[in-house]
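The values are calculated or read from the model by the stated rules, or taken from the named source; none is laboratory data. Small disclaimer: the values here were computed from a predicted structure and weren't measured. All Cβ positions, even for glycine, are placed from backbone atoms using ideal geometry, and neighbour counts span all protein chains on display. We work out accessible area using only protein heavy atoms, side chains counted, and drop any ligands, DNA or RNA first. Shrake-Rupley method; radii C 1.70, N 1.55, O 1.52, S 1.80 Å.
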Amino acid sequence: MKKLLIILILSISANVNAQLKVEKITNNVYALVGELSQRSPSNLGNNSTHGVIITKNGVILIDSGASYLGAKEIYKTIKTLTNKPITTVINTGGQDHRWLGNDYFKKLGARIIASSKTRSDQIARTDYHMKRLGTLISSSLKGTKPVYANETFKQKKILDIGGIHIELYHFGAAHTVGDIVVWMPSKKIMFTGDVVFVQRALGTGPAKNVKSWIQVFEKMANFKPEYIIPGHGHVTDLAEAKKDTYDYLVFLHDKVSNIIENDGDISEAVNIDQSRFKYLKNFKGISRKNAQNIFLQLEFE
Ligand SMILES: [Zn+2]
């Protein structure tokens, strides 16, 4: 009885916090914005931002969520916007919240698209993600089955679906090795996945390549998007994306390079004064680790 009560309380609280905030960009384009904090049982692992494009022939979903229940929550939210079926899912990268909801949407008949590097990354890190999510979201991982993208491309893919033209680009490693951006030229909208974090501090990521991430950001910025749907945080513009992601990466890269050139050690990197970026959520927990990771990357070059 006591156990039942606890489960009941847990499921009630899960429903309260799982909600994704809907941000409308144009008539048929939306962002679903999850919590900025860590993955938790109540956010179902969806501490991330997702994109929705409603076409004449169905919905394109950008990033399928971190779990089966997380995907279900995304689906429920999309149903408040349209009754059209979800026909296409794009995974912008190899991190859990970009793809572990694939199974849910594949069962609904969607095709799943990612870069070939992301697909390999999904396969290589499945066990890691499942274990980590097991710890972070525990029972909210229930029903999650890893399903990989079934359509891949190397660098560029064009999609014309129900009157909407979008372009998918893999410019190189950013947060993860296979990250892509999705460009919708008609409205100058860029879906960046984990190439862009706003409002919260980024983590240097499993790709371990700060230089490449900086270059990928620059290539994305060359499109001069008017709206950016980031991987984390609210819908934004290029200026804020630059301030919260690009400037931070360049800052850390330059500071750490300077330490290495002067034969400094890792403790100096960890103690870099990063207070300029302390307004970002999660900064305290992650900033020193970021400097440390970048030191380890650049030290070997
Ligand atoms: Zn992410």
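When you go through 243, 145 one by one, which is the residue that is modelled with pLDDT of 95 or more and part of a loop (DSSP other than H, G, I, E, B)? Within the list 243, 145, the selection yields 145. Of all residues in segment 160-176, those satisfying the criterion of being over 13 Å from the mean Cα position of the chain (by Cα), of a type in the set (A, V, I, L, M) and either buried (at least 21 other Cβ atoms within 10 Å of the Cβ) or within 16 Å of the ligand (Cβ to nearest atom) (or both) are 166, 168, 173. Just to verify a result, which residue in segment 29-51, among those that are open to solvent by 20 Å² or more (accessible area, probe 1.4 Å) and of a type in the set (Gly, Ala, Ser), is nearest to the ligand (Cβ to nearest atom)? By that ranking, first place goes to 37.
Going residue by residue through segment 259-278, is there one that turns out to be in a helix (DSSP H, G or I) and within 19 Å of the chain's Cα centre (by Cα)? No, every residue in segment 259-278 fails to be in a helix (DSSP H, G or I) and within 19 Å of the chain's Cα centre (by Cα). Taking interchain pairs and intrachain pairs at least six residues apart, which have beta carbon atoms under 9 angstrom, with the first residue in segment 129-140 and at positive phi and the second open to solvent by 10 Å² or more (accessible area, probe 1.4 Å) and not in a helix (DSSP H, G or I)? From segment 129-140, the pairs are 138/41.
Out of all the residues in segment 217-230, is one or more in contact (Cβ under 8 Å) with a residue 40 or more places away in the chain and in a loop (DSSP other than H, G, I, E, B)? Yes.
Of all the residues in segment 202-212, those that are surrounded by 18 or more Cβ atoms within 10 Å (Cβ to Cβ) and more than 14 Å from the chain's Cα centre (by Cα) number 2. Going through (1) more than 16 Å from the ligand (Cβ to nearest atom); (2) under 15 Å from residue 79 (Cα atoms); (3) of a type in the set (Ser, Thr, Tyr); (4) in contact with a helix residue (DSSP H, G or I) (Cβ under 8 Å, 6 or more places away or on another chain) one by one, residue 55 falls short only on (4).
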